[in-house]
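Undergrad: Below: one structure in structure tokens.
The values are calculated or read from the model by the stated rules, or taken from the named source; none is laboratory data. What you are looking at is a predicted structure, and each value in this text was computed from that prediction instead of being measured. A quick note on method: Cβ atoms are made from the backbone with ideal geometry, for glycine too, and the neighbour counts reach across all protein chains shown. We work out accessible area using only protein heavy atoms, side chains counted, and drop any ligands, DNA or RNA first. Shrake-Rupley method; radii C 1.70, N 1.55, O 1.52, S 1.80 Å.
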Amino acid sequence: DHFDYLGDNYTDLPIWRKARSVYIVAPSPALMAKVRKFSEPAVILGTWQSPILSALSALRPQQWVKNILVFVPLLASHKVFTLPLVKLTAIAFVCFCCCASAGYVLNDLGDINSDRRHPTKRKRPFASGDLPISWGLPLATLLLTISFTLSGLTLPTSFSVSLAAYFVITCVYSFYAKQIAMLDVIILAGLYTIRVFAGGMATAIVISEWLAAFCLFLFVSLAFAKRYAELERLFRANETLLSGRGYRISDITLIESIGSSSGYISVLVLALYVNSGPMKMLYVNPWPLLLVCPILMYWVSRVWIKAKRGELTEDPIVFALRDRISIYLGIIVIILFIAGSYM
């Protein structure tokens, strides 16, 4: 009884019984009750969190909104009210949520060391210790099983192939490509674009070259904005190298130039589409669609201003779906598309 003991598990109970003082780390209610049967803890460090809640946090459900991109083909083809296709797209959305979460879990396992040095990522379940590392692989396996079983039973084989390609590319990005400057951004944009194509495969809707080009340029811009925002925060912290990435502070001007230009090219693609043959088959009046161009230009500029000011703290697509101004602009764009279709 001449020693103090610090522990955090049931296996520590026999030692605590013989210790002079009990120091306990983030105890669960059940563990605390057992300890108090023989001693009142001298110090309690941290707070207990349910591993189930931590596991849910590791899935990053806030990122699932990005998978709404699978609905783009329905909107672009004017089939958003075709219920059988909406059902198929909703299933595709669930498949991508499970698959993407499996990728997030594997990414967090591989990034534990760098996440622990990051001001916000250190709070992630694996990096913070809230979720045991041993949960990682079983959790990812379960998610992949749900995703591909649901896909195989309900959706075309081509969708399952696109889903598998998405997961493989995600793993390549997480464990290799994200450390290579520029390549990481192209892959990020590709992962966004795959979601759009997968939505088309789930519903047998053909993705036009116009939509593919528009998505690619826009998503490249948003991916660069994400990297720019990270470098801007690094600059404000007086650091020079982005941990786990292939960028330096000196790259920030080039990233801004390429990223913003790519966003404006997507506006140009939309403007050219308004005068194309495929557009005239879907829309009665092109003028409302032309009005979408300055709105999109304003929104792209706003994203980049937010990034430059250090106010873009999350994925740009997640930002767009949460930002009040972006939502208002989206509503206006939808009204303009409806006007172009029927007026």
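Undergrad: Answer with yes or no whether Lys280 is part of a helix (DSSP H, G or I), over 28 Å from the mean Cα position of the chain (by Cα) and of a type in the set (D, E, K, R).
TA: yes
Undergrad: Still on this structure, please answer the following. I'd like to check something: does the stretch 272-282 contain any residue that is among the aromatic types (Phe, Trp, Tyr) and either free of Cβ contacts under 8 Å to residues at least 24 places away in the same chain or exposed (fewer than 14 other Cβ atoms within 10 Å of the Cβ) (or both)? Show your work before the answer.
TA: Going through the stretch 272-282, the residues among the aromatic types (Phe, Trp, Tyr) turn out to be 273.
In the following step, the residues that additionally are either free of Cβ contacts under 8 Å to residues at least 24 places away in the same chain or exposed (fewer than 14 other Cβ atoms within 10 Å of the Cβ) (or both) were identified as none.
So far as the stretch 272-282 goes, no, none of its residues is among the aromatic types (Phe, Trp, Tyr) and either free of Cβ contacts under 8 Å to residues at least 24 places away in the same chain or exposed (fewer than 14 other Cβ atoms within 10 Å of the Cβ) (or both).
Undergrad: Which condition does Val80 not pass, out of (1) in contact with a Cys (Cβ under 9 Å, 6 or more places away or on another chain); (2) open to solvent by 40 Å² or more (accessible area, probe 1.4 Å), if it passes all the others?
TA: The one condition Val80 does not meet is (1).
Rundown of residues vs (1) under 22 Å from the mean Cα position of the chain (by Cα); (2) among the small types (Gly, Ala, Ser), yes/no style:
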position: Gly190; (1), (2): yes, yes
position: Thr193; (1), (2): yes, no
position: Val196; (1), (2): yes, no
position: Glu209; (1), (2): no, no
position: Lys226; (1), (2): yes, no
position: Leu270; (1), (2): no, no
position: Leu291; (1), (2): no, no
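Undergrad: Scan the stretch 120-129 and give yes if some residue there is open to solvent by less than 70 Å² (accessible area, probe 1.4 Å), basic (Lys, Arg) and free of Cβ contacts under 8 Å to residues at least 12 places away in the same chain, otherwise no.
TA: Looking through the stretch 120-129, at least one residue is open to solvent by less than 70 Å² (accessible area, probe 1.4 Å), basic (Lys, Arg) and free of Cβ contacts under 8 Å to residues at least 12 places away in the same chain.
Undergrad: State whether one or more residues within the stretch 235-248 are among the aliphatic types (A, V, I, L, M) and part of a helix (DSSP H, G or I). First the steps, then the outcome.
TA: Applying the first criterion (among the aliphatic types (A, V, I, L, M)) to the stretch 235-248 yields 237, 241-242.
Now narrow it down to the ones that are part of a helix (DSSP H, G or I): none.
No, every residue in the stretch 235-248 fails to be among the aliphatic types (A, V, I, L, M) and part of a helix (DSSP H, G or I).
Undergrad: I'm told Thr157 meets every condition in (1) modelled with pLDDT of 95 or more; (2) within 22 Å of Gly110 (Cα to Cα); (3) among the β-branched types (Val, Ile, Thr) except one. Can you identify the failing condition by its number?
TA: Evaluating Thr157 over (1) modelled with pLDDT of 95 or more; (2) within 22 Å of Gly110 (Cα to Cα); (3) among the β-branched types (Val, Ile, Thr) leaves (2) as the failure.
Undergrad: Here's a follow-up. Inspect the stretch 99-117 for any residue being under 30 Å from Val206 (Cβ atoms), modelled with pLDDT of 95 or more, of a type in the set (A, V, I, L, M, F, W, C) and open to solvent by 50 Å² or more (accessible area, probe 1.4 Å) and give the result as yes or no.
TA: Scanning the stretch 99-117, I find no residue that is under 30 Å from Val206 (Cβ atoms), modelled with pLDDT of 95 or more, of a type in the set (A, V, I, L, M, F, W, C) and open to solvent by 50 Å² or more (accessible area, probe 1.4 Å), so the answer is no.
Undergrad: Inside the stretch 30-76, can you point out the residues that are within 13 Å of Leu131 (Cα to Cα) and in contact with a Phe, Trp or Tyr (Cβ under 9 Å, 6 or more places away or on another chain)?
TA: Within the stretch 30-76, Pro51, Ser54, Ala55, Ala58, Leu59 meet the criteria.
Residue-by-condition table, conditions (1) open to solvent by 50 Å² or more (accessible area, probe 1.4 Å); (2) in contact with a Lys or Arg (Cβ under 9 Å, 6 or more places away or on another chain); (3) farther than 16 Å from Cys99 by Cα:
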site	(1), (2), (3)
Leu144	no, no, no
Gly152	yes, no, no
Ser160	no, no, no
Tyr173	no, no, no
Ala181	no, yes, yes
Ile186	yes, no, yes
Ile194	no, no, no
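Undergrad: Tell me, yes or no, whether the stretch 260-282 has at least one residue that is of a type in the set (Phe, Trp, Tyr) and under 16 Å from Val220 (Cα atoms).
TA: yes
Undergrad: Here is a follow-up. From the list Ile295, Ile255, which one is touching a helix residue (DSSP H, G or I) at 6+ places or on another chain (Cβ under 6 Å), surrounded by fewer than 16 Cβ atoms within 10 Å (Cβ to Cβ) and modelled with pLDDT of 90 or more? Working first, answer last.
TA: Details: Ile255 fails: surrounded by fewer than 16 Cβ atoms within 10 Å (Cβ to Cβ).
Selected residue: Ile295, the only one of Ile295, Ile255 that is touching a helix residue (DSSP H, G or I) at 6+ places or on another chain (Cβ under 6 Å), surrounded by fewer than 16 Cβ atoms within 10 Å (Cβ to Cβ) and modelled with pLDDT of 90 or more.
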